[in-house]
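K.L.:
Okay, handing you the structure first.
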Amino acid sequence: MNKESLSNTIWKACDIMRRDDGTSGVMEYMEQLSWMLFLKWLDAYQEDDETRARLGHREPTPLLEERHRWRTWAHADWSGDEIVNYVDTELFPYLRELRGSTERDIIRTIFTELPGNRMKSPYNLRDVIAIVDQIDFLNTDDIHTVSHIYEDLLRKLGSENRLAGEFYTPRPVIRFIVDAIDPKIGETVYDPACGSCGFL
């Protein structure tokens with residue numbers, strides 16, 4: 001999928017969530033999209049780790065049980081409300097109880113702070129999952145495209161309700177500062193309030 005197609009596809013997911021009773025506001029669908037993107041990325045990360053383990057003749061350390069990995073539950077043939085029920089009563093509780101490593105603790109913290117799935121329609125949820133599933137987090141072009149769309153969503157979130165605390169430096173100002181500073185390879189940048197890292 002090319003960049004423009006991927007971009008249009010993700011915006012389509014946002015349109016679907018805007019029509020859902022549980023995610024009609026930008027705050028809700030931003031949160032919904034975030035946890036799905038995270039789980040899709042986590043599955044790619046785990047897949048990459050498994051490949052490295054095989055090449056290095058070592059046993060991979062799975063972060064999630066197979067049945068709770070994106071590639072398993074997102075591809076299951078759910079009927080009716082089964083997908084909503086699984087996400088609400090199995091997936092989120094499982095992720096909120098993860099323990100045993102630093103990575104699992106981070107996952108647990110992320111999902112403990114989320115209220116859970118907000119989408120009410122199983123059909124909308126399945127459609128958005130299918131869209132997110134098209135993203136290849138092992139492909140740098142896809143990662144780059146998703147990061148730009150995510151930044152645009154954050155900007156929209158900040159401008160619509162100012163609850164996110166996101167205030168973006170305009171691109172012309174960024175270019176001017178970069179030109180003025182003229183950074184060199186090997187130099188260090190410290191930005192404790194980097195937000196989405198769009199500036200960096």
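K.L.:
Quick one: how many residues across segment 39-72 are loosely packed, with under 12 Cβ neighbours inside 10 Å, in a helix (DSSP H, G or I) and touching a Lys or Arg at 6+ places or on another chain (Cβ under 9 Å)?
P.N.:
1
K.L.:
Please specify each residue of segment 151-196 satisfying the condition of being modelled with pLDDT of 70 or more, within 23 Å of residue 37 (Cα to Cα) and open to solvent by 60 Å² or more (accessible area, probe 1.4 Å).
P.N.:
Of everything in segment 151-196, those that are modelled with pLDDT of 70 or more, within 23 Å of residue 37 (Cα to Cα) and open to solvent by 60 Å² or more (accessible area, probe 1.4 Å) turn out to be 152, 193.
K.L.:
May I pose another question? Counting just the residues of segment 73-97 that are under 13 Å from residue 116 (Cα atoms) and of a type in the set (D, E, K, R), which one comes out surrounded by the most Cβ atoms within 10 Å (Cβ to Cβ)?
P.N.:
That would be 96.
K.L.:
Here is a further query. Please list, ordered by first then second residue, the pairs with beta carbon atoms under 6 Å, 6 or more apart or interchain, first in segment 43-54 and at pLDDT 90 or above, second of a type in the set (D, E, K, R) and open to solvent by 40 Å² or more (accessible area, probe 1.4 Å).
P.N.:
Pairs found: 43/71.
K.L.:
For segment 127-137, indicate whether the set of residues that are over 30 Å from residue 3 (Cα atoms), in contact with a helix residue (DSSP H, G or I) (Cβ under 9 Å, 6 or more places away or on another chain) and either open to solvent by less than 70 Å² (accessible area, probe 1.4 Å) or not in a loop (DSSP other than H, G, I, E, B) (or both) is non-empty.
P.N.:
No, that holds for no residue.
K.L.:
Step by step: first the residues of segment 1-22, then only those that are in contact with a helix residue (DSSP H, G or I) (Cβ under 9 Å, 6 or more places away or on another chain) and within 12 Å of residue 127 (Cβ to Cβ), then the one that is surrounded by the most Cβ atoms within 10 Å (Cβ to Cβ). Which residue is that?
P.N.:
In this case the residue turns out to be 17.
K.L.:
State the number of residues belonging to segment 73-122 that are in a loop (DSSP other than H, G, I, E, B), within 18 Å of residue 30 (Cα to Cα) and not aliphatic (A, V, I, L, M).
P.N.:
Looking only at that region, the number is 6.
The values are calculated or read from the model by the stated rules, or taken from the named source; none is laboratory data. All values reported here derive from a predicted model rather than from experimental measurement. Counting neighbours? That spans all protein chains shown, and the Cβs are built from the backbone with ideal geometry, glycine included. Remember, those area values only see protein heavy atoms, side chains included, never the ligands or the DNA or RNA. Shrake-Rupley method; radii C 1.70, N 1.55, O 1.52, S 1.80 Å.
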